[in-house]
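Before any comments, here is the structure.
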Amino acid sequence: MSDGEEQALIYQCVRCGATVKSSELELGIRCPYCRYRVLKKVRPPVIKRVLAR
């Protein structure tokens, strides 16, 4: 991955479900499609393995 892709966080709109990169967001946190102000951060698909003792 390049630095631009690594720094860009991915958000998902709570109302319309659109996924938006942080680089696509303009002033403030607002969905560019429906203009809703509530976005949640999408977790990366990383599986963490922990040893059980």
Residue that is modelled with the lowest pLDDT [pool: residues in the stretch 35-45 that are within 12 Å of Q12 (Cα to Cα) and assigned to a loop (DSSP other than H, G, I, E, B)]: R43
Subset of the stretch 10-29 [in a loop (DSSP other than H, G, I, E, B) and either hydroxyl-bearing (S, T, Y) or modelled with pLDDT under 90 (or both)]: S22, S23, E24, L25, E26, L27, G28, I29
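The values are calculated or read from the model by the stated rules, or taken from the named source; none is laboratory data. Keep in mind that what you see is a predicted model, and the values were worked out from it rather than measured.
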